[in-house]
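Report on the structure given below.
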Amino acid sequence: MIIKSAEFVISNSKIEGCPKPLIPEYAFIGRSNVGKSSLINRLTQRMKLAKTSSRPGKTQLVNHFIINKEWYLVDLPGYGYAKASKEQRKEFHQLISDYIAGRYNLMNLFVLVDIRLEPQKADKEFLTWLGENAVPFVIVFTKCDKLTTNQIQSNLAAYKRYLAEEWETLPELFLSSAETGFGSEEILGFIEKTNGLFQKP
Ligand code: GTP
Ligand code: MG
């Protein structure tokens, strides 16, 4: 897919203010610092579109971007942030539950996972919750530029073994790097294909 335009639309702390769900939407979610905002910038080739930071907890709101005037990309706050208070965790969970329940147009959730790490508790819990709530998702492994091809294959195989313990059918898996752009075409191709399935309300 060719990105002709990518614009910031609005940030919200509650889902009521989100744009009307009239076009397909894709949201990026994952642990704090996994690279959600960076990957959005890479996919859209607008390096300053979503705010990134080396410190976890940068994205705090639901941020809508409109791409090619045809579909929304959504940058969500991260979970599993070690310093988050119990109250913040509760708020996050409420926001994400409301968001997922409230977006008729949400075609798919991209769950981002750091390729360097073995399955993390926060990711496992979140994936289980998605399964229980029948939310369609794929997994995108981030920061592949930090490993060799062999390490990537070995970590991917280990992650697949973990998933196979939990799921009868594996979700679609993507490899990516916001640093090099590796994997961008596959992700955009997936979005293009899925856009075709959207039914106007
Ligand atoms: P929160 O908004 O805090 O939840 O974080 P986030 O998931 O949006 O992460 P963000 O995109 O801000 O990136 C966090 C850090 O990881 C930044 O220092 C990025 O430069 C770095 N980073 C993100 N993606 C990649 C990648 O693919 N490769 C490398 N080497 N670094 C990356
Ligand atoms: Mg972010």
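Considering only the stretch 15-31, I want to know if a residue exists there that is within 16 Å of ligand 1 (Cβ to nearest atom), farther than 26 Å from Pro201 by Cβ and touching a residue at least 40 places away in the same chain (Cβ under 8 Å). Spell out the reasoning first.
If we filter the stretch 15-31 for residues that are within 16 Å of ligand 1 (Cβ to nearest atom), which is where we start, we get 26-31.
From what is left, the residues that are farther than 26 Å from Pro201 by Cβ are 30-31.
Among the residues that remain, those that are also touching a residue at least 40 places away in the same chain (Cβ under 8 Å) are: 30-31.
Yes: the stretch 15-31 contains one or more residues that are within 16 Å of ligand 1 (Cβ to nearest atom), farther than 26 Å from Pro201 by Cβ and touching a residue at least 40 places away in the same chain (Cβ under 8 Å).
Quick one: in the stretch 32-53, of everything that is part of a loop (DSSP other than H, G, I, E, B) and within 10 Å of ligand 2 (Cβ to nearest atom), which residue is surrounded by the most Cβ atoms within 10 Å (Cβ to Cβ)?
The extreme case among them is Val34.
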### Odd one out for Ile23, checked against (1) among the aliphatic types (A, V, I, L, M); (2) over 17 Å from the mean Cα position of the chain (by Cα); (3) within 16 Å of ligand 2 (Cβ to nearest atom)
(3)
### Query
Restricting attention to the stretch 2-52, which residues are touching an Asp or Glu at 6+ places or on another chain (Cβ under 9 Å) and at positive phi?
Gly30, Asn33, Gly35
## Note on the structure
Per the filter on the stretch 125-138, residues in contact (Cβ under 8 Å) with a residue 12 or more places away in the chain, exposed (fewer than 15 other Cβ atoms within 10 Å of the Cβ) and over 17 Å from Asp98 (Cα atoms) are Thr128
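Test Ile23 against the criterion of being at pLDDT 95 or above, in contact with a Leu (Cβ under 7 Å, 6 or more places away or on another chain) and surrounded by 14 or more Cβ atoms within 10 Å (Cβ to Cβ), and give yes or no.
Numbers: at pLDDT 95 or above: yes; in contact with a Leu (Cβ under 7 Å, 6 or more places away or on another chain): no; surrounded by 14 or more Cβ atoms within 10 Å (Cβ to Cβ): yes.
In short, no.
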### Options Leu112, Leu130, Leu163, Leu170: the member that is touching a strand residue (DSSP E or B) at 6+ places or on another chain (Cβ under 7 Å) and away from ligand 1 (no atom under 16 Å from the Cβ)
Leu130
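Any idea which residue in the stretch 54-72 is farthest from ligand 2 (Cβ to nearest atom), counting only those that are within 18 Å of Ser97 (Cα to Cα) and open to solvent by less than 10 Å² (accessible area, probe 1.4 Å)?
Pass one, the stretch 54-72, residues within 18 Å of Ser97 (Cα to Cα): 59-64.
This time we only want the ones that are open to solvent by less than 10 Å² (accessible area, probe 1.4 Å), so: 62, 64.
Values: Val62: 12, His64: 14 Å.
Per the stated criteria, the residue is His64.
The values are calculated or read from the model by the stated rules, or taken from the named source; none is laboratory data. All figures in this text were calculated on a predicted structure; none of them were measured in a lab. Cβ coordinates were reconstructed from backbone atoms using ideal geometry, including for glycine residues, and neighbour counts include every protein chain displayed. The protein model used for the area step is the full one, side chains on, heavy atoms only, and it has no ligands, DNA or RNA in it. Shrake-Rupley method; radii C 1.70, N 1.55, O 1.52, S 1.80 Å.
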